[in-house]
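Working notes, beginning with the structure itself.
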Amino acid sequence: MSGAELLLLLIGGTGVALVLDQFRWAHRRSMARRLAPYGSAGRPGPRIAAVSSPAAVLMPLVEQSLDRVTRALGIDDDLATRLARADVDVDPARFRTRQALHAVLGLAGGAALALLVRPGSFVSVLTVVGLPLLWVLLDEQRISNRIRHRSHVLQVELPVVAEQLGILIDAVSSLPSALARIARRGRGAAAE
């Protein structure tokens, strides 16, 4: 096989991979999504519909639109799971409300900036649309950074926990009692 044929084969294979990446059936589901039916931590509870204000009507629409934005950015996990992974004591509705407030403030700030500076139609539209989107993305990035940090802390703590577990089991403790003791006496992310 010549070098040109090999290069053509490599480019063709990359193109096929990129095309297949666009189809949902070619994606592997994340581990969290595969394990979600077996645990109770990430399941959303039943919603009680109470229409007492315009906010009660608009918030589901805002939540759905912000969920679509995060899915478009490649974040497949639902917000409740991500908040639990980040160890943030905020419910998803409150987080989405804060994001919507940030988006409205960004929209107002972008509109005011565009009216004051009057840079041109393209830059004005980019400012008015981009600033709220940027603020929403910053909120999502903050959660992703917390998840990444907590994952790193767990990776650092896990060998110590495994060693403690081995010592306790070697000292004739049962696995459940050893795990309970480590969780009770520990102070880190792994103990939680």
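The values are calculated or read from the model by the stated rules, or taken from the named source; none is laboratory data. Predicted, not measured: the structure shown is a model, and the values here were computed from it. Heads up, the Cβs are rebuilt from the backbone with ideal geometry, glycines too, and the neighbour counts pull from every protein chain shown. Surface areas here come from the heavy atoms of the whole protein model, side chains and all, with no ligands, DNA or RNA. Shrake-Rupley method; radii C 1.70, N 1.55, O 1.52, S 1.80 Å.
Considering the range 80-121, the residues that are open to solvent by less than 50 Å² (accessible area, probe 1.4 Å) and in contact (Cβ under 8 Å) with a residue 60 or more places away in the chain include one that is nearest to LEU35 (Cα to Cα), namely ARG82.
Within the range 122-168, the set of residues being in contact with a Phe, Trp or Tyr (Cβ under 9 Å, 6 or more places away or on another chain) and either in contact (Cβ under 8 Å) with a residue 60 or more places away in the chain or farther than 21 Å from VAL88 by Cα (or both) comprises ILE143 only. Quick check on the range 142-188: of everything there that is among the hydroxyl-bearing types (Ser, Thr, Tyr) and within 19 Å of ALA86 (Cβ to Cβ), which residue is farthest from the chain's Cα centre (by Cα)? Only one residue fits best here, namely SER151.
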